[in-house]
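Data first, discussion second: the structure below is written as structure tokens.
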């Protein structure tokens, strides 16, 4: 049987984050929302959401410029090293984590940070590691060189 030309991630990354956020909101309902003063929640939460959204936008734009699929269930046709990929190998996942954190702060659902740790572990082991194996298998030394010079997160 031929090997599939995809990373074989365990689940769509946005769904991993959304599932964890939903669990976080359930925890906040059960254990209580935290009253974060507006003078703190709006600037901190707002900056997190805006920074995350900017990273997500730039990540999608970089993939479009490279004419490669954003969807991890489709084959990659290029290694993206421009835009936010100059600084981190995973700007999309970092952007999702920032938006998630901003939503938690803005809503006072600070219990959402508990399942965020699990989501990051799932993203790291069930998505990133698989994507990195796939990209190294597909692009060889070019990806290994990029990986050696660029941090995984920040």
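Side notes on the structure shown:
- Helical contribution to [θ] at 222 nm, DSSP H n ≥ 4, -39,500 (n - 2.57), averaged over the chain, rounded to 500: -20000 deg cm²/dmol
- Sorted on the mean count of surrounding Cβ atoms within 10 Å across their residues, most packed first, peptides 4-16, 89-101 read 89-101, 4-16.
- Residue list for segment 60-95, given a label point 7 angstrom along the Cα-to-Cβ vector of residue 15 and an amide N cut-off under 19 Å: 70-75, 93
- FRET efficiency for residue 30 and residue 113, using Cβ-Cβ distance with R0 set to 22 Å, rounded to 0.05: 0.90
- Annotation for segment 132-150 versus segment 29-56: alpha-carbon center distance of 35 Å.
- Packing-based ranking, highest mean first, of 68-81, 43-56 given that Cβ atoms within 10 Å are counted: 43-56, 68-81
- Cα gyration tensor category, rounded, prolate or oblate, for segment 91-154 with a/c compared to 1.5: prolate
- Value of Rg to Rh for the chain (Rh from inverse mean 1/r over Cα pairs, i.e. Kirkwood): 1.03
- Rough spin-label spacing in nm, given labels placed 7 Å along Cα→Cβ, for residue 69 and residue 54: 3.1 nm
- Order of 64, 152 - criterion: other Cβ atoms within 10 Å of each residue's Cβ, fewest first: 64, 152
Every number here is computed from the coordinates shown, using simple stated rules; none is lab data. What you see is a predicted model; the values in this text were computed from it and never measured. Don't worry about glycine lacking a Cβ; one is built from the backbone with ideal geometry, like all the others, and counts go over all protein chains shown.
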